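First comes the structure, then the notes that go with it.
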Amino acid sequence: MPAVPSAPDRPHVAVIGAGPAGLTSAWLLARDGVPVTVIEAHPDLVGGISRTEVYRSAAAGGLDFRFDIGGHRFFSKSAEVENLWTELLDRDMLERPRKSRILYGGKFYDYPLRAGQALANLGPVESARCVASYLHARLFPVPEPKSFEDWVCNRFGRRLFNIFFKTYTEKVWGMKCRDISADWAAQRIRGLSLSRAIWNALLPKRGAKQGQGNRSTQITSLIDSFRYPRLGPGMMWEEAARRIRAAGGTILMGSRATAVERLPDGSSQGLRVHVAGPDGSRTAIDADHVISSAPLRELVTALAPAPSRDVLDAAAALKYRDFLTVALIVRPTKPFDDNWIYIHEPGVKVGRVQNFGSWSPELVPDPNLACYGLEYFCFEGDGLWTSGDDELVALASRELQQLGLVRGGDVIDGHVVRQPKAYPVYDDGYDAKVETIRAGISSGFPGLHLVGRNGMHKYNNQDHSMMTAMLVARNILAGRELRDPWKVNEDAEYHEAGDRGGSGSASGLRLVPTARR
């Protein structure tokens, strides 16, 4: 696309972070003739957590294996998001079948669960115990349940809680279920949730009676396919970066925004971003607007002049959950075609196993090999995070064999990628902390806009992060706020149900655990 000359009255915009939110806003602005400068810390790759990592394996003949950090289904209820994906890649988007299963007790459970399969896997004795546990919970519930554990046990019985809730929830969030609030459970476990799928599978109910005013109890159908870039999600954001540059924008790779300074009244532009380059050089970018998808905790400490003590304290108290992926190149003697498998086995540390070839065959260059990504949820600095790469590859190899997904000797190579600040933690009072920060930025730094998952400390998926960026870009182009990007939230059922491009917006909070009060 040829460069679009910018009008002299166009604002200059600096964008911190080249993930889906940052690049979406930068492309929409650059496409409209606004000069933009994007600042990205990674030396080579754009896309943030939606990047595509490439590993050249000497053990596999020097072939390049590509893998996805976290798994990104390109499916959205927003027509605007779907149209942007099509605009950027079009024919490079594959239509892929969706398949996910749960592994528990050495057996697979389809999702949604099928009654016959669930009963066969659990067996008549365990199924009867689950029913008895449920009946006991209904007759003798925990009074005034305060924890996630109490709430789930009250509603489904302790045996189903232990089988399908406890292990995976605690792996992902690093919190005991008894320390997660019942409020989260009451809001999260609804509609197309695992709990309802399990219970309907064990005790199928008749359809809702005609003429009743309440919602039907029938589970919404899961999506059975999604789009996916043939070379992984990073392909989308590499194309966005290419178009931004072609439109006259600048992307500074390997660079960090060290400070965001509010300029004195009367300055031609309102903000100055101080940037440290990959060679240690220091530059400053003056901008009318700054769009930040950097972690909110880090952004606040980089503001100048420093905000008030309550804002600084609120930012310091924000927490993040981190994870790492161990990509194993294997001989698939026990092949499976799932996109990913949720691991509910308590005897292993891995939380989820991805099969990259099922996302796109082009991620795995040798059809005689497979590449599996084992995801470990952790906190930056803990034992898993600080383990050496060789230790992690050995751990992942043992656990993959223990789970029965490979045989001894199948693993021929491995590679580790650590992802800090993958998930913002919604702990006790996080919302009040975020609101304090928002108020401080709004009053003290006009022209500074927050977007994306970490930029807003909101557990958004890729498309909702893009929507926040779209609204900010639209507001900048209009010269006033047309819509509040903080109103973009995520439905907990979002990526499992609904129509693609069904509406121009989406709402509803995607819920993650909060500590019990």
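The values are calculated or read from the model by the stated rules, or taken from the named source; none is laboratory data. What you see is a predicted model; the values in this text were computed from it and never measured. Here the Cβ positions follow ideal geometry from the backbone for every residue, glycine too, while neighbour counts run over all protein chains shown.
Applying the condition of being surrounded by fewer than 16 Cβ atoms within 10 Å (Cβ to Cβ) and of a type in the set (D, E, K, R) to the stretch 263-284 and asking which residue is modelled with the highest pLDDT yields 282.
Kindly check whether there is at least one residue in the stretch 80-94 that is among the charged types (D, E, K, R) and in contact with a Gly (Cβ under 7 Å, 6 or more places away or on another chain). Checking the stretch 80-94: at least one residue is among the charged types (D, E, K, R) and in contact with a Gly (Cβ under 7 Å, 6 or more places away or on another chain). Per the listing 275, 326, the residue uniquely over 25 Å from the mean Cα position of the chain (by Cα), in a strand (DSSP E or B) and β-branched (Val, Ile, Thr) is 275. Out of the residues in the stretch 229-261 meeting the condition of being among the basic types (Lys, Arg) and not in a helix (DSSP H, G or I), tell me which one is nearest to residue 356 (Cα to Cα). Here the residue is 230. You will find that of 384, 403, the residue that is in the same structural domain as residue 62 (by TED's automatic domain parsing), under 27 Å from residue 47 (Cα atoms) and in contact (Cβ under 8 Å) with a residue 40 or more places away in the chain is 384 and no other. When each of 280, 254 is tested for being farther than 18 Å from residue 23 by Cα, in the same structural domain as residue 25 (by TED's automatic domain parsing) and small (Gly, Ala, Ser), the lone residue that passes is 280. Within the stretch 46-53, identify whether any single residue is more than 23 Å from residue 488 (Cβ to Cβ), at pLDDT 95 or above and surrounded by fewer than 20 Cβ atoms within 10 Å (Cβ to Cβ), and answer yes or no. There is at least one residue in the stretch 46-53 that is more than 23 Å from residue 488 (Cβ to Cβ), at pLDDT 95 or above and surrounded by fewer than 20 Cβ atoms within 10 Å (Cβ to Cβ).
One residue is enough: does the stretch 210-227 have a residue meeting the conditions under 23 Å from the mean Cα position of the chain (by Cα), at pLDDT 95 or above and not in a loop (DSSP other than H, G, I, E, B)? Checked against the condition, which is being under 23 Å from the mean Cα position of the chain (by Cα), at pLDDT 95 or above and not in a loop (DSSP other than H, G, I, E, B), the stretch 210-227 yields at least one hit. Within the option set 287, 294, 247, being surrounded by 16 or more Cβ atoms within 10 Å (Cβ to Cβ) and in contact with a His (Cβ under 6 Å, 6 or more places away or on another chain) holds for one residue only, 287.
Residue by residue, here is whether (1) closer than 17 Å to residue 166 by Cα; (2) assigned by TED's automatic domain parsing to the domain that holds residue 337; (3) of a type in the set (A, V, I, L, M, F, W, C) holds:
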site: 119; (1), (2), (3): no, no, yes
site: 127; (1), (2), (3): no, no, no
site: 130; (1), (2), (3): yes, no, yes
site: 133; (1), (2), (3): yes, no, no
site: 136; (1), (2), (3): no, no, no
site: 141; (1), (2), (3): no, no, no
site: 152; (1), (2), (3): yes, no, yes
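Within the stretch 430-453, residues that are within 19 Å of residue 286 (Cα to Cα) sit with their Cβ atoms under 7 Å from residues that are in a loop (DSSP other than H, G, I, E, B), at 6+ positions apart or across chains, in these pairs: 444/307; 446/270; 447/270; 447/288. Scanning the stretch 54-63 for residues that are β-branched (Val, Ile, Thr) and crowded, with 20+ Cβ neighbours inside 10 Å yields nothing.
Conditions (1) of a type in the set (D, E, K, R); (2) surrounded by fewer than 20 Cβ atoms within 10 Å (Cβ to Cβ), marked per residue:
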{"position": "68", "(1), (2)": "yes, no"}
{"position": "92", "(1), (2)": "yes, yes"}
{"position": "120", "(1), (2)": "no, yes"}
{"position": "124", "(1), (2)": "no, yes"}
{"position": "127", "(1), (2)": "no, yes"}
{"position": "138", "(1), (2)": "yes, yes"}
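One residue stands out in the stretch 142-165 among those that are in a helix (DSSP H, G or I) and in contact (Cβ under 8 Å) with a residue 60 or more places away in the chain: the one that is nearest to residue 429 (Cα to Cα), namely 148.
The residues on offer are 100, 76, and the sole one that is out of contact with any Lys or Arg (no Cβ under 8 Å at 6 or more places or on another chain) and polar (S, T, N, Q) is 100. For the stretch 30-56, a residue qualifies if it is in a helix (DSSP H, G or I) and of a type in the set (D, E, K, R), and exactly one does: 31. Candidates are the residues of the stretch 23-48 that are out of contact with any Gly (no Cβ under 8 Å at 6 or more places or on another chain) and β-branched (Val, Ile, Thr); the one that is farthest from residue 254 (Cα to Cα) is 34. Looking only at the stretch 377-411, residues that are over 23 Å from residue 71 (Cα atoms) and either surrounded by 20 or more Cβ atoms within 10 Å (Cβ to Cβ) or in contact with a strand residue (DSSP E or B) (Cβ under 8 Å, 6 or more places away or on another chain) (or both) come to 1 in all.
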